[in-house]
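Structure record follows, encoded as structure tokens.
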Amino acid sequence: MRKINVGLIGLGNVGSKVAEFLQNDPRFALLKIVVRDKNKKRPVVLPPALLTERISDVVCHPEIQIVMDASNDAPANIVERIIHRKKWTTRAAYRHTVLASKKAVAFYGRELVDFSRKHGVEIGMEATVCAGIPIVRLLREGHIPEKIIEVGGILNGTTNYMLTKMSEGVSYEEALRDAQTLGYAEADPHEDVSGLDAAYKLMILSGLCFGQWPKIKDVKVCGIENLGPIDSTMLQRLKRRLVASARLSETGLELEVTPRSCGEDSPLEKKFKATDGVDNLVYLKTVSRELYFSGPGAGGEVTAMAMISDLNHIASKLKT
Ligand SMILES: NC(=O)c1ccc[n+]([C@@H]2O[C@H](COP(=O)([O-])OP(=O)(O)OC[C@H]3O[C@@H](n4cnc5c(N)ncnc54)[C@H](OP(=O)(O)O)[C@@H]3O)[C@@H](O)[C@H]2O)c1
């Protein structure tokens, strides 16, 4: 069986899980991995010759067919490596790419989708929105044939974990400390608690559902940092969740990320109440029905598996 040659960018939480998978799957040959610092200690054991610090060793490698980008590089750099707008090297050919960076897709989604269509280059982005729920391909491949009028959900696992804890009476500070200890929240949790992370995912969902790729300034964002404590008798009734929604209205697309009550008296209660802890939920409303998808929120392993799902999809296309 002829192997498919893969290159990897980034070997952190996500990248090391991707590398581990590729090392153990006989369908693929992992030819090169680019990192910032070759001498850093890694959680995965790899032949040292695989590692390089030169991006071009992966992006311009003549035999690499698919690039898995699991870096946390600046979105503009990630996109540049795919599109080569600056024509930074004449040796570079377009490569099928699988992305993990939600900011790259949130900020440059239209360009990436247009580029993919125009040049017949696959760009996988399943890992960029609620990686544990295979929602991206479902939308990109038109599995929802009716017009979608609203999309949203609980898109950030860290804040959902914190709000779940807070609805059990734990303070904001304690819930955040717990989330950090368990590895759900970053050392700098700003993008999670401010609602920005959910907003980026909502921007991607809007692009995929409506063909409209909004800017971050178009999203009304309110995080959970300023939520005051609530009376213990109200905790269950209020059961707050950070809810993202993008809805088509007569005046255009309305995008919002805000804490909402999903407690006993809320119309959201029935569908949203089971989404506890780091779980995510995505809902879609069409003219005739509502669909709900739930699954584990992102973490290194879940995100890596979503990238592998994209890889499998591209590999099956290459075979045919
Ligand atoms: N972790 C999650 O749960 C999660 C969930 C969804 C999406 N994502 C996305 O997945 C991506 C990776 O996340 P992570 O948690 O794995 O981050 P991470 O642990 O910080 O790892 C980032 C990796 O990228 C490498 N890197 C950064 N810039 C580079 C460059 N210019 N050239 C080569 N390598 C470069 C770093 O190299 P060094 O190791 O040498 O510094 C590191 O190995 C991010 O875009 C993140 O937003 C992560």
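Where a number appears in this text, it was derived from the coordinates with a stated rule and is not lab data. Since the model is a prediction, treat every value here as computed from it, not as a measurement. Every residue, glycine among them, receives a Cβ derived from its backbone with ideal geometry; neighbour counts consider all protein chains shown.
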Total charge dipole magnitude, the chain, about the Cα centre, Cβ charges on Lys, Arg, Asp, Glu only, Debye to nearest 20: 1340
Footprinting exposure proxy for ARG95, ARG54, ARG110 (fewest neighbouring C-beta atoms within 10 Å first): ARG54, ARG110, ARG95
GNM result for the chain, Cα springs below 10 Å: residue of LYS32, LYS271, LYS217 fluctuating most strongly: LYS217
Neighbour-count order for MET307, MET166, MET68, fewest beta carbons within 10 angstrom listed first: MET166, MET307, MET68
Separation of the ARG137 and ASN5 label points, Cα + 7 Å toward Cβ, nm: 2.5
Simple spin-label estimate for ARG110 and ASP188 in nanometres, 7 Å along Cα-Cβ: 2.9
Restraint check, LYS201/LYS317; LYS17/LYS38; LYS103/LYS217, Cα-Cα greater than 24 Å: LYS201/LYS317
Length-normalised contact order for segment 141-296 - Cα pairs under 8 Å, 6+ apart - percent: 34
Positive dipole terminus of segment 141-296, leading residue within GLY277, LEU182, SER206 (C-beta point charges): SER206
Computed FRET value (nearest 0.05) for ASP37 with ARG177, which takes r as the C-beta separation and R₀ as 30 Å: 0.55
The chain: most fluctuating residue of PRO75, PRO26, PRO134 per GNM, C-alpha cutoff 10 Å: PRO26
Extension gain (nm, one decimal) between CYS222 and VAL45, 0.36 nm per residue minus Cα-Cα: 59.5 nm
Least to most buried among THR158, THR258 (fewest other Cβ within 10 Å first): THR258, THR158
Dipole of the chain, positive end: most advanced residue of GLY153, ILE224, VAL129 [Cβ charges, Cα centre]: VAL129
Formal net charge of residues neighbouring ILE4 (Cβ-Cβ distance under 9 Å; K, R +1; D, E -1): +4
Modelled FRET efficiency - R0 45 Å, LYS118 with VAL170, Cβ distances, 0.05 increments: 0.35
Charge dipole magnitude, Cβ of K and R +1, D and E -1 - segment 1-45, Cα centre, debye nearest 20: 120
Cβ charges +1 (Lys, Arg) and -1 (Asp, Glu), total dipole of segment 141-296, debye: 460
